[in-house]
Amino acid sequence: MNGTAHAAIGAATGFIVANTLDTSPSATLILIGLGGVSALVPDLDIDGKLRDKITFSHQVIQLVAQLIGILMVIYSFFEGAATEKWIGMGIGLVMMLVSAKIKQKHMLSITGIGVLLGGVSLQEVWLILLGIYILIASFVSHRSYTHSILGVLFFGMIASRLEASLGIDGVYYTCLAGYISHLMADLKILPFNKRGVKLFLPISSKEI
């Protein structure tokens, strides 16, 4: 199933939760949005709609890193003491070389680190957990751990902390339902899916 369909189903779950709890119009809109986003989260393990939205172009990061590297080399050459000069120039050159190797697939890992550091800085547990989730998603294969019961449980912790932070009833149920809706829509029993999901990783890698 494509991202648009997943997002639509997730948004519908948010609407259902909002109506069930009889939330205010503003809270209803928030829940619909969170449902749509949550339904896209499992596919962070591939290039998709949500992944493209939360990551910068690797070319932008390359350019910034290379400019910083060049500036560090120039500054170290003219301003550094004997030892500091060579260390600074070395670090600058390494930054330039490493940045040249950055590809789009690395951007999700960089984003995960950024979200994690942001969570630590803001002291928001849900952001820290989300950063860890994004980092894991950047390394695992598609339809594996993000599409498993373990993924559901981990995202449930994020959703619980998010609800506590926002103070809006229904956030936990909306996020969890949106996430689960994605897995259900990807089940192999549905005629339009050639592949299923590995719900019971790491115990079993059988697709369902």
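Brief remarks on what is shown
- Top-ranked residue of region 70-99 - restricted to ones that are under 22 Å from Q59 (Cβ atoms), modelled with pLDDT under 80 and surrounded by 15 or more Cβ atoms within 10 Å (Cβ to Cβ), ranked as nearest to the chain's Cα centre (by Cα): S99
- Residue in region 9-19 that is surrounded by the fewest Cβ atoms within 10 Å (Cβ to Cβ), counting only those that are under 10 Å from T174 (Cβ atoms) and not hydrophobic (A, V, I, L, M, F, W, C): T13
- Each residue in region 1-22 was checked for being at pLDDT below 95 and either of a type in the set (V, I, T) or within 21 Å of S160 (Cβ to Cβ) (or both), and 1 pass.
- Selection from region 116-144 of residues that are in contact with an Asp or Glu (Cβ under 8 Å, 6 or more places away or on another chain), among the hydroxyl-bearing types (S, T, Y) and modelled with pLDDT of 90 or more: S144
- The set of residues from region 164-208 being at pLDDT 95 or above and among the acidic types (D, E) comprises just one member, D169.
- The condition (being of a type in the set (F, W, Y) and buried (at least 17 other Cβ atoms within 10 Å of the Cβ)) is satisfied by just one residue among F139, F154: F154.
- Output for region 108-160, where each listed residue is of a type in the set (S, T, Y), closer than 20 Å to L199 by Cα and over 11 Å from the mean Cα position of the chain (by Cα): S141, S144, Y145, S148
- Considering the conditions (1) surrounded by fewer than 17 Cβ atoms within 10 Å (Cβ to Cβ); (2) under 16 Å from D43 (Cβ atoms), M107 is excluded by exactly one of them, (1).
The values are calculated or read from the model by the stated rules, or taken from the named source; none is laboratory data. Everything numeric here is computed off the predicted structure, so don't read it as measured data. Note that we place each Cβ from the backbone using ideal geometry, even for glycine, and neighbour counts take in every protein chain shown.
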